[in-house]
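Note sheet for the following structure.
The values are calculated or read from the model by the stated rules, or taken from the named source; none is laboratory data. A quick note: this is a predicted structure, and the numbers were derived from the prediction, not measured. Don't worry about glycine lacking a Cβ; one is built from the backbone with ideal geometry, like all the others, and counts go over all protein chains shown.
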Amino acid sequence: MGVARQLARRHEAVVNGLFAVTSNFVEMPFAVAESSQAGEIVLKLDTERRERALALFQSASQGAGAAVNWSELGTEPVIWGFTQQAFYADLLVLSQYEVGGPGARDVPADFVQSVVLGSGKPALVVPYAGEVKTVGQNILVAWSASRESARALQAALPLLQTAQQVHVVAWSEQQNAPQGADERSRIEQYLLSHGVQATLHWYGDGVGNPGDRLLSLTADLGNDLLVMGCYGHSRARELVLGGATRTVLKSMTIPVLMAH
């Protein structure tokens, strides 16, 4: 909530909080769920969870800042329902999934990926660990000449235009090849046309996991935001072979703005 309000205040926007969790009924055996006594217990658990979430939301909404609204899904599947609501948002603010965490049962493990791919909307994913004090003051853009990178870059422009520092890491086969140099020149000129002056970096030797290298570079540069495309290859291929998206979502330490 803090990150969402920080950005909304900066860009004169409104935060719409959506309570979207998987009911405890889903995890119950059918025979048990049919029991009236068990049903009452599960309904009570769901109600208590909803009340805790609302109390936290109201507490986080206090004080000066952007206007906030609260809404809830009904009984529809959580990914489908959230994706439908996402169509009417400019930016999604989501939390990194914490395996084994207190909220791990609330949504499926692939919630973030599924919503980003299903909605086509850019999402700011916030790490579950640590405190996020600033977002968008020192930004790293992971760039490749792809639809996903282009969509993420466009979504990030309002943040890039107000950032104190912007870095771009470009991916190409050979650092000094004409094609690689042309790509870096194009992205530099594109950003300059939008009032963004960036420092360019290059990764292209194919050594190591791209996601690990991105996260390492954000640490070296002291970035507070990473901008990247989500699933540049087919999702099935990335799930089998790994990839930058999967690695970053698993090991991120700063907010990540991604789009597909």
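Structure above, values below:
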| item | result |
| --- | --- |
| Top-ranked residue of the stretch 201-229 - restricted to ones that are surrounded by 15 or more Cβ atoms within 10 Å (Cβ to Cβ) and in a helix (DSSP H, G or I), ranked as modelled with the lowest pLDDT | Pro210 |
| Enumeration of residues in the stretch 40-72 that are modelled with pLDDT under 90 and among the basic types (Lys, Arg) | Lys44, Arg49 |
| Residues within the stretch 102-139 that are hydrophobic (A, V, I, L, M, F, W, C), surrounded by fewer than 18 Cβ atoms within 10 Å (Cβ to Cβ) and in contact (Cβ under 8 Å) with a residue 60 or more places away in the chain, tallied | 3 |
| Residue match in the stretch 95-111 (condition: in contact with a strand residue (DSSP E or B) (Cβ under 7 Å, 6 or more places away or on another chain) and either farther than 16 Å from Met228 by Cβ or not aliphatic (A, V, I, L, M) (or both)) | yes |
| So Gly17, is it modelled with pLDDT of 85 or more and either closer than 30 Å to Gly2 by Cβ or out of contact with any Gly (no Cβ under 6 Å at 6 or more places or on another chain) (or both) | yes |
| Test result for Tyr97, surrounded by 15 or more Cβ atoms within 10 Å (Cβ to Cβ) and not hydrophobic (A, V, I, L, M, F, W, C) | yes |
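Each row is one residue, and each column tells you yes or no for (1) in a helix (DSSP H, G or I); (2) at pLDDT below 90.
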position: Ala163; (1), (2): no, no
position: Val166; (1), (2): no, no
position: Glu173; (1), (2): no, yes
position: Glu183; (1), (2): yes, yes
position: Tyr231; (1), (2): no, yes
